[in-house]
1. Is it true that Thr218 is open to solvent by less than 40 Å² (accessible area, probe 1.4 Å), in contact with an Asp or Glu (Cβ under 9 Å, 6 or more places away or on another chain), in contact (Cβ under 8 Å) with a residue 24 or more places away in the chain and part of a loop (DSSP other than H, G, I, E, B)?
2. Go through region 100-142 residue by residue and tally those that are open to solvent by 50 Å² or more (accessible area, probe 1.4 Å), touching a residue at least 60 places away in the same chain (Cβ under 8 Å) and more than 13 Å from the chain's Cα centre (by Cα).
3. Against the definition (in contact with a Gly (Cβ under 7 Å, 6 or more places away or on another chain), over 26 Å from Gly319 (Cα atoms) and either open to solvent by 40 Å² or more (accessible area, probe 1.4 Å) or assigned to a loop (DSSP other than H, G, I, E, B) (or both)), how does Pro190 come out, yes or no?
4. Of all residues in region 276-291, which are in contact (Cβ under 8 Å) with a residue 60 or more places away in the chain, assigned to a helix (DSSP H, G or I) and closer than 16 Å to Gly228 by Cβ?
5. Among the listed residues Val272, Val306, which satisfies the condition of being closer than 23 Å to Pro124 by Cβ, in contact (Cβ under 8 Å) with a residue 24 or more places away in the chain, in a helix (DSSP H, G or I) and among the aliphatic types (A, V, I, L, M)?
6. Do any strands (runs of 3 or more DSSP E) entirely within region 87-186 hold 2 or more residues that are basic (Lys, Arg), and if so, which?
7. Among the numbered criteria (1) surrounded by fewer than 21 Cβ atoms within 10 Å (Cβ to Cβ); (2) in contact with a Leu (Cβ under 8 Å, 6 or more places away or on another chain); (3) not aromatic (Phe, Trp, Tyr), which one does Lys241 miss?
Amino acid sequence: MERAHLAFATSWTARWGALGKHAHATSNQVGSAAQYWCRWRDVASPAVARRPSCRQRVSLGRLSRRCHVNPRRYAGAARTVASIRPEDITVEQVGVEGTLSYRVYLRAAAGDRLRRVSPWHELPLFPHADEQTLLFVNEIPKGTRAKMEIAKEEPLNPIKQDTKKGELRFYEYGPSLINYGALPQTWEDPAIVHKDTGCSGDNDPLDVIEIGSQMMPTGAVYEVKPLGMLGLIDDGELDWKLIAIRKQDPKASLVHNLSDMEEHFPNLLHEVREWFRLYKTAEGKGENTYAYHGKALDEKFALQIVRDAHENWRKLKSGERANDEHLALT
């Protein structure tokens with residue numbers, strides 16, 4: 001038992017020490033490290049451990065202030081989220097596909113039963129300790145036209161087909177060239193104006209262009225590797241598009257950045273950029289434009305946008321930022 005105590009204590013202390021060196025530790029990383037403490041506490045005897053040492057508590061406080069996370073607020077939630085793995089997610093379809101009432105709910109194991117979970121709030125953005133892997137929720141399968149999206153205003157945020165004037169929306173321009181979806185625990189705050197573009201966020205989770213070769217179904221949850229970012233400007237709003245590839249894609253081991261993408265998926269970046277610029281013209285609207293003259297920004301820039309969107313979501317979810325948009329946060 002003493003060896004177990006020592007092993008868990010060493011893991012916990014090392015984890016906090018590693019995180020303490022990074023100013024941009026995320027709430028999930030805080031929760032993950034806190035989880036190490038809870039595991040150690042649970043196996044240790046009351047005489048050995050019931051709370052962190054003074055030095056460990058100071059480290060926790062410094063880390064929480066540095067990344068603007070209240071550990072008491074997030075530690076319990078993070079333990080719940082960390083237990084949800086992509087392979088544990090199942091899809092529940094409610095209603096008839098192609099109707100206004102159709103919904104796709106995500107479910108995860110909770111003991112001996114399945115419970116519905118929010119793809120926006122309950123799945124981790126960073127499934128591992130590093131930021132090189134992100135979790136992705138697919139909304140629109142590659143090759144399809146139905147404009148599916150996470151329902152931000154509905155409890156548990158099921159995926160539904162978007163509507164306009166009471167009618168279901170479809171891509172009139174043509175089928176999607178890629179799997180299209182969103183990152184959990186992100187939000188483009190419409191109250192924040194981006195300094196380089198002069199445009200505010202579009203009030204949605206961060207969009208993802210997943211370039212993998214396989215068509216993935218609506219509601220699929222899987223890990224992706226970030227490659228770059230496009231800054232679409234749609235109706236005057238800044239609508240970031242993260243470019244990523246499914247980590248299990250046959251070409252994923254060859255593609256690490258936008259240059260690799262061009263080599264192994266030739267001309268796809270140009271085709272996708274043009275598709276999003278022109279797709280609304282089929283509905284009688286004008287062309288969209290791009291920030292940075294349409295240049296795709298690299299993965300370093302992309303990850304900073306992801307961090308910012310995660311922080312926007314954290315403030316919204318915690319109540320630090322008022323929910324003026326009346327979004328469903330549970």
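The values are calculated or read from the model by the stated rules, or taken from the named source; none is laboratory data. Values in this document were obtained by computation on a predicted structure and should not be read as measured data. Cβ coordinates were reconstructed from backbone atoms using ideal geometry, including for glycine residues, and neighbour counts include every protein chain displayed. The accessibility values were calculated without ligands, DNA or RNA, using every heavy atom of the protein model including side chains. Shrake-Rupley method; radii C 1.70, N 1.55, O 1.52, S 1.80 Å.
1. yes
2. First, the residues of region 100-142 that are open to solvent by 50 Å² or more (accessible area, probe 1.4 Å): 100-101, 107, 109, 111-116, 128-130, 132, 142.
After this cut, where a residue has to be touching a residue at least 60 places away in the same chain (Cβ under 8 Å) as well, the list is 100, 129, 132, 142.
In the following step, the residues that additionally are more than 13 Å from the chain's Cα centre (by Cα) were identified as 100, 129, 142.
Adding up the residues that qualify gives 3.
3. no
4. Within region 276-291, the first condition is being in contact (Cβ under 8 Å) with a residue 60 or more places away in the chain, and the residues that meet it are 278-283, 290-291.
In the following step, the residues that additionally are assigned to a helix (DSSP H, G or I) were identified as 278-283, 291.
The one that is in contact (Cβ under 8 Å) with a residue 60 or more places away in the chain, assigned to a helix (DSSP H, G or I) and closer than 16 Å to Gly228 by Cβ: Ala291.
5. Val306
6. 103-110, 113-117
7. If we test Lys241 against (1) surrounded by fewer than 21 Cβ atoms within 10 Å (Cβ to Cβ); (2) in contact with a Leu (Cβ under 8 Å, 6 or more places away or on another chain); (3) not aromatic (Phe, Trp, Tyr), just (1) comes out false.
Here is a yes/no grid of residues against (1) under 24 Å from Val272 (Cα atoms); (2) out of contact with any Asp or Glu (no Cβ under 6 Å at 6 or more places or on another chain); (3) not charged (D, E, K, R):
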{"residue": "Leu123", "(1), (2), (3)": "no, yes, yes"}
{"residue": "Lys142", "(1), (2), (3)": "yes, yes, no"}
{"residue": "Glu149", "(1), (2), (3)": "yes, no, no"}
{"residue": "Leu156", "(1), (2), (3)": "no, yes, yes"}
{"residue": "Asp162", "(1), (2), (3)": "yes, no, no"}
{"residue": "Gly181", "(1), (2), (3)": "yes, no, yes"}
{"residue": "Thr197", "(1), (2), (3)": "yes, yes, yes"}
{"residue": "Gly212", "(1), (2), (3)": "yes, no, yes"}
